[in-house]
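*Asks:* I have a structure here, written as structure tokens, and I will follow up with some questions on it.
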Amino acid sequence: METQIEGQNEKNFLLLHRLVLYSTRVLRAKFDSFIPPGTALGTWLPSDKDLKKAKLSEKQIRLMKKYSSSEKFDVSMLISLLRHFCLKANTKHPLWDETDNSKIPPAVCDDIANIVRIRNLRNQVCALFCI
């Protein structure tokens, strides 16, 4: 017989799985709207200095140089690329620093707010599992 805790852990795992799966698809679609999948990233690729400013790991930088699409990019990488390269004009927007989704008014539905909401929710759920 399954205990209540085991059942809740299974539900939490499934929610986390959906969050990662669907948020990655959403962020990838947004990234791909700036850099279409058929485009070789080499023609778009920022300099190594800019990539390090975006706080990408060496592994993430290698992925960018190796692949010609965003298919292998994870949520963290997509968020960083969107912030520092695709939405470059708004890199300093105050919403990027917001860590509490309840402080982002529901009426704010621009790209940055939606990306930040995904990031915050992912971070919140991951924190629950890292305890």
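The values are calculated or read from the model by the stated rules, or taken from the named source; none is laboratory data. As the structure is a prediction and not an experimental result, all values here were calculated from the model. Heads up, the Cβs are rebuilt from the backbone with ideal geometry, glycines too, and the neighbour counts pull from every protein chain shown. SASA here: full protein model, heavy atoms, side chains in, ligands and nucleic acids out. Shrake-Rupley method; radii C 1.70, N 1.55, O 1.52, S 1.80 Å.
*Asks:* Residue check: is Val125 under 22 Å from Ser33 (Cβ atoms) and of a type in the set (Val, Ile, Thr)?
*Replies:* No: the conditions fail for Val125.
*Asks:* Now a separate question. Quick one: which of Lys72, Lys65 is in a helix (DSSP H, G or I), open to solvent by 20 Å² or more (accessible area, probe 1.4 Å) and not hydroxyl-bearing (Ser, Thr, Tyr)?
*Replies:* Lys65
*Asks:* Hey, among the residues in the stretch 53-93 that are of a type in the set (Gly, Ala, Ser) and free of Cβ contacts under 8 Å to residues at least 24 places away in the same chain, which one's farthest from Tyr22 (Cα to Cα)?
*Replies:* Ala89
*Asks:* Same structure again: Test each condition in (1) within 15 Å of Phe31 (Cα to Cα); (2) of a type outside the set (Asp, Glu); (3) open to solvent by 70 Å² or more (accessible area, probe 1.4 Å) for Pro94 and report the one that comes out false.
*Replies:* All conditions pass for Pro94, except number (1).
*Asks:* Now a separate question. Looking only at the stretch 103-126, count how many residues are exposed (fewer than 13 other Cβ atoms within 10 Å of the Cβ) and either in contact (Cβ under 8 Å) with a residue 60 or more places away in the chain or β-branched (Val, Ile, Thr) (or both).
*Replies:* Selection size over the stretch 103-126: 1.
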